[in-house]
Amino acid sequence: MEVLNKEHFRTIRKAIENNKLAIFVGSAVSYDSDLPSWADLIGLMKGALENPRTNDYLKIAEHYYLQYGRNTYYSKINEFFPAGSQPNLLHELLLKLKPQYIVTTNWDNLLEKSIANAGDLYFRVASDHELASSPSSQLLIKMHGDLSHRNIIFKESDYLAYADKFPLVENFIKSLFSTHVVLFVGYSISDYNLNQILSWIR
């Protein structure tokens, strides 16, 4: 196991030296900044539904959206992401690896704040249009949208329509697996977002 770990570290170091590291950042990276888990947010939405008949996270979000409408849906989600939240040590350590690309399924702006604090230059991409017009070779790609854009991927219909809503972003992310060393941080093996990405690789 130790030999295997050393080999992984060598691979990552070489990728950093060659500017070929891409880091995928999941929701657990933000836990120490006191942001909610999916379970917290879904639990609140489920409690507000008249007759919840499922425990499926994506379906609960879908039902909430249909019952309360787009404005209430986004207002409820925004309540969970206070403007005063600050990056934690893990955000800072990830930036010290100097990845060429940071890809995140998170909607919060903690990575943006951490990048600004470090004085790094990453162009934020949260839509196909922003990817197409990017002036930089260093990107922060918010592959599941951004709350400020109101284009997040959360409910069931969002995932089903992902290829139609983010075709350029999807194809760009897929290409990273053949051109870069990819490091996943902040995902569990049962994470729906991780499984979506792994299905693309397969």
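The values are calculated or read from the model by the stated rules, or taken from the named source; none is laboratory data. The structure displayed is predicted, hence computed values, not measured ones. Cβ placement follows ideal geometry from the backbone for every residue including glycine, while neighbour counts extend to all protein chains displayed. What goes into the accessible areas is simple: the full protein's heavy atoms, side chains included, and nothing from ligands, DNA or RNA. Shrake-Rupley method; radii C 1.70, N 1.55, O 1.52, S 1.80 Å.
Residues whose amide H lies under 5 Å from that of Met143, counting only those 5 or more places away or on a different chain, are Thr104; hydrogens are built 1.01 Å from N in the peptide plane. Counting only protein heavy atoms and using a 1.4 Å probe, what share of the accessible area of region 64-202 belongs to carbon plus sulfur, as a whole percent? Exposed carbon and sulfur together represent 56 percent of the surface. The local environment of Ala126, defined by Cβ-Cβ distances under 9 Å, has a net charge of 0 under the rule Lys, Arg +1 and Asp, Glu -1.
Helical content alone sets the calculated 222 nm signal of the chain at -14500 deg cm²/dmol, taking -39,500 (n - 2.57) per DSSP H segment of four or more residues and averaging over every residue. If a spin label sat at a point 7 angstrom from the Cα of Thr54 along the line to its beta carbon, the backbone N atoms of region 21-44 nearer than 20 Å would be those of 38-44. Based on protein heavy atoms only, region 157-202 ends up with 54 Å² per residue of surface accessible to a 1.4 Å probe. Spin-label model, Thr179 to Ala163: label points 7 Å out along the Cα-to-beta-carbon direction sit 2.1 nm apart.
Which number gives the lysine pairs in region 1-139 that have C-alpha atoms under 17 Å apart and are eight or more places apart or on different chains? Taking the Cα cut-off of 17 Å, the pair count is 10.
Distance between the modelled labels on Asn5 and Asp128, one decimal in nanometres: 4.4 nm (7 Å Cα→Cβ projection).
What fraction of the Cα pairs in region 57-202, stated in percent, has a spacing above 22 angstrom?
On the way: 4491 of 10585 pairs.
Cα-Cα pairs of region 57-202 separated by over 22 Å account for 42 percent.
A cut-off of 5 Å between modelled amide H atoms, ignoring neighbours fewer than 5 places along the same chain, links Gly186 with Gly26.
Placing +1 on the Cβ of every Lys and Arg and -1 on the Cβ of every Asp and Glu, with no other charges, gives the chain a dipole of roughly 420 debye about its Cα centre. Think of the chain as a dipole: +1 on every Lys or Arg Cβ, -1 on every Asp or Glu Cβ, centred on the Cα centre; then among Ile152, Gln100, Ser114, Gln100 lies furthest on the positive end.
Taking GluC sites (Glu not before Pro) across region 1-87, the ones in a DSSP loop with at most 16 further Cβ atoms lying within 10 angstrom of their Cβ are Glu50.
Mind giving me the FRET efficiency for Asn19 and Asn195? R0 is 25 Å, r the Cβ-Cβ distance, nearest 0.05 is fine.
On the way: r = 29 Å, r/R0 = 1.15.
Given R0 = 25 Å and the Cβ-Cβ separation, E is 0.30.
The amide H of Phe123, built 1.01 Å from its N in the peptide plane, has Gln138, Leu139, Leu140 as neighbours under 5 Å, considering only residues 5 or more places off or on other chains.
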